[in-house]
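Report on the structure given below.
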Amino acid sequence: MSPFGSKKNRSLPVRVSTFDSELEFELETRATGQELFDLVCRTIGLRESWYFGLQYVDTRNNVSWLKMDKKVKDQRVELHANNNIYVFSFYAKFFPENVSEELIQEITQHLFFLQVKQSILSMDIYCRPEASVLLASYAVHVQYGPYDYETYKDGMLAGGELLPKGVTDQYQMTPEMWEERIKTWYMDHEPMTRDEVEMEYLKIAQDLDMYGVNYFPITNKNKTKLWLGVTAVGLNIYDERDKLTPKTTFQWNEIRHVSFDDKKFTIRLVDAKVSNFIFYSQDLHINKMILDLCKGNHDLYMRRRKPDTMEIQQMKAQAKEEKQRRQIERKKFIREKQLREKAEHERYELEKRLEHLQDEMRMASDALRRSEETKELYFEKSRVNEEQMQLTECKANHFKTEMDRLRERQMKVEREKHDLEKKIRDADFYMLQLTVENDKREAETEKLKKELICAKMAEREATARLLNFLNSGRKSSTDSLLTASTVSQANVNNPSSIAAISTPSLTTSSSTNDLETAGGAELTNSASHYIVMGDNSSGISDDFEPKKFILTDNEMEQIANEMERSHLEYLRKSKKQVQNQLQTLRSEIAPHKIEQNQSNLDILSEAQIKAGENKYSTLKKLKSGSTKARVAFFEEL
């Protein structure tokens, strides 16, 4: 029984599901589809609403699009049995011809990304295995951000649904093998923001044969079963067993009028000399959906070929400013990351070198200590020998009979003494050599400290030159920067400031030489200004005073254009590399293929690759013939 039969029901409970959220509203019973649609768009912040629509399942279990000009309650929307609520799905109803040129808002890109990704994973859009891996790597980039070897852990990707089931079933490969190949692509991506990654995903996905195609079963006058594909550029006719390669096509600029009578659908063409294009569908509901999609796609097709409205121009200008701001921030982030990595690497090398010198000095100290112990031992032996000699002399007075023997023994003792004294002199000489070597090590350590200070000065001078280049048109800013550089140079040339960082021992100097990367000149970039951190009077301290230099609009535009050219150059060079990597991946996984698990679309796609055909070359070839010939070809199918 309808919930609107009673006067108590004065509101209409509605639930709208998107791919990343669920919205619930209470509408008036007389609310139209347009009012509900506008409410959803305002809630999610969507302005490019012409691509989207509200889909539902009607009381006859047919999938339908909500009509904007009719009341919601009058459109046979099936009431959810559990909680008496009307359920709609917010989907993209129409697709752009070129996502990079037409999609403006980030929310629009995100909704398209989620829907296309879900369509690929559910195999509603066929995607080749190697392209599936590439798209999965972009999906991982969206979810986890740029690849970071410190946070990435093996098995991190295993929990999510990244590849279509038809791809994983077609190859005898473990999840770890698939993850390794996805990770390889993931590591190769340059650092990008989420919206840039989603755009790269959509630019690859729009080249898929089934992207943006709504398929409907039809027959021609010969009752041949075919597929009608409604797309953003026209109508495609497909064989019943092949949804990838169209048999013929008709663009919207060739079509003048679309209508249907019961199950018969008639398309009048612009060329009056060509007979009408007629086909038949299974029921009236399909014809209504076809007509609705044809009207919407035709309107968007004609709108694209007209000058942009003020609203579109305003949206594009705002999107361009936001994109420039993000590019500047991304360039700043990349530069800071590179500088940090370079500084960390230099710090590691210097620490390693310092540790090596400390080890050598420790070994020298140990050798010196052992020499001193040996010297003390020789002194002790000498003392004992002297005591023995004195004892011998004393005994000589008492034992004159043993005088000769004692004299000989005394001579022997004197020779031993002479040898010991020689050894002592040798030990003193060796100790002197170790002392000299120790002095050399200390001098080398001091030299390293001075080289580090010189490197910091060179870094500050390079920063000053960069700021002079960026602010060459602004005399006042240049004078301020030169003044700061002159003060810093004077501080560095001051012997007392350099002596201030010297330390009395090697252990203390090691902490001083700990790569004071925070010192020197530091460049901070934002959307409207640069900040240069200057040194204080000591010349090497980490405390800085900020000096701001405001960039003009022309300078900001020049920087943005330079970054845009750099990004386009990167895309141009990487496109060929991507194709080569796809070919390599196809060759790598080919030995693991299970032939009997291949679907009909897999076989057709392989034949397409061998023939060197793709989506665009096929459509170009089909459009080369005349409209009359294509209509005749359709009728003879």
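The values are calculated or read from the model by the stated rules, or taken from the named source; none is laboratory data. Keep in mind the model is a prediction, meaning the values are calculated, not measured. Backbone-built Cβ (ideal geometry, glycine too); neighbour counts: all protein chains shown. Note: accessible area is taken over every heavy atom of the protein model, side chains too, but ligands, DNA and RNA are not part of it. Shrake-Rupley method; radii C 1.70, N 1.55, O 1.52, S 1.80 Å.
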Candidate set from region 375-401 (those that are polar (S, T, N, Q) and at pLDDT 85 or above); member that is nearest to E421 (Cα to Cα): S382
Residue that is modelled with pLDDT under 85, surrounded by 15 or more Cβ atoms within 10 Å (Cβ to Cβ) and part of a helix (DSSP H, G or I), where the choices are R347, R326: R326
Residue ID - nearest to N385 (Cα to Cα), chosen from residues in region 403-427 that are modelled with pLDDT under 85 and open to solvent by less than 80 Å² (accessible area, probe 1.4 Å): Q410
Answer residue from region 124-144, given it is part of a loop (DSSP other than H, G, I, E, B) and open to solvent by 20 Å² or more (accessible area, probe 1.4 Å) and is nearest to F333 (Cα to Cα) among those: R128
Residues that are in contact with a Ser or Thr (Cβ under 6 Å, 6 or more places away or on another chain) and open to solvent by less than 80 Å² (accessible area, probe 1.4 Å), drawn from region 247-264: E254, S259
Long-range neighbours under 8 Å by Cβ, at least six apart or interchain, first residue small (G, A, S) within region 425-442, second open to solvent by less than 70 Å² (accessible area, probe 1.4 Å) and part of a helix (DSSP H, G or I): A427/S371; A427/T374; A427/K375; A427/Y378
Checklist (1) touching a helix residue (DSSP H, G or I) at 6+ places or on another chain (Cβ under 7 Å); (2) more than 21 Å from R241 (Cβ to Cβ); (3) acidic (D, E) applied to E196, failing item: (1)
Set L377, L354: member being aliphatic (A, V, I, L, M), open to solvent by less than 70 Å² (accessible area, probe 1.4 Å) and in a helix (DSSP H, G or I): L354
Those residues of region 28-46 which are of a type outside the set (D, E, K, R), surrounded by 12 or more Cβ atoms within 10 Å (Cβ to Cβ) and either over 30 Å from M315 (Cα atoms) or under 32 Å from the mean Cα position of the chain (by Cα) (or both), in sequence order: T29, V40, C41, T43, I44, L46
Long-range neighbours under 8 Å by Cβ, at least six apart or interchain, first residue touching a residue at least 60 places away in the same chain (Cβ under 8 Å) within region 241-264, second surrounded by 18 or more Cβ atoms within 10 Å (Cβ to Cβ) and of a type in the set (D, E, K, R): K243/D209; L244/D209; T245/D209; T248/R630; T249/R630; F250/R630
Test: residue in region 275-283 that is modelled with pLDDT under 90, open to solvent by 80 Å² or more (accessible area, probe 1.4 Å) and of a type in the set (G, A, S): no
R60 assigned to a helix (DSSP H, G or I) and either at pLDDT below 90 or surrounded by fewer than 21 Cβ atoms within 10 Å (Cβ to Cβ) (or both): no
Conditions (1) farther than 27 Å from E321 by Cβ; (2) at pLDDT 90 or above; number of the one not met by H141: (1)
Contacts under 6 angstrom Cβ, first residue in region 59-79 being more than 20 Å from L291 (Cα to Cα) and without any contact (Cβ under 8 Å) to a residue 60 or more places away in the chain, partner open to solvent by less than 100 Å² (accessible area, probe 1.4 Å) and aliphatic (A, V, I, L, M), 6 or more apart: E78/V57
Conditions (1) open to solvent by less than 20 Å² (accessible area, probe 1.4 Å); (2) closer than 16 Å to E198 by Cα; (3) at pLDDT below 95; number of the one not met by V77: (2)
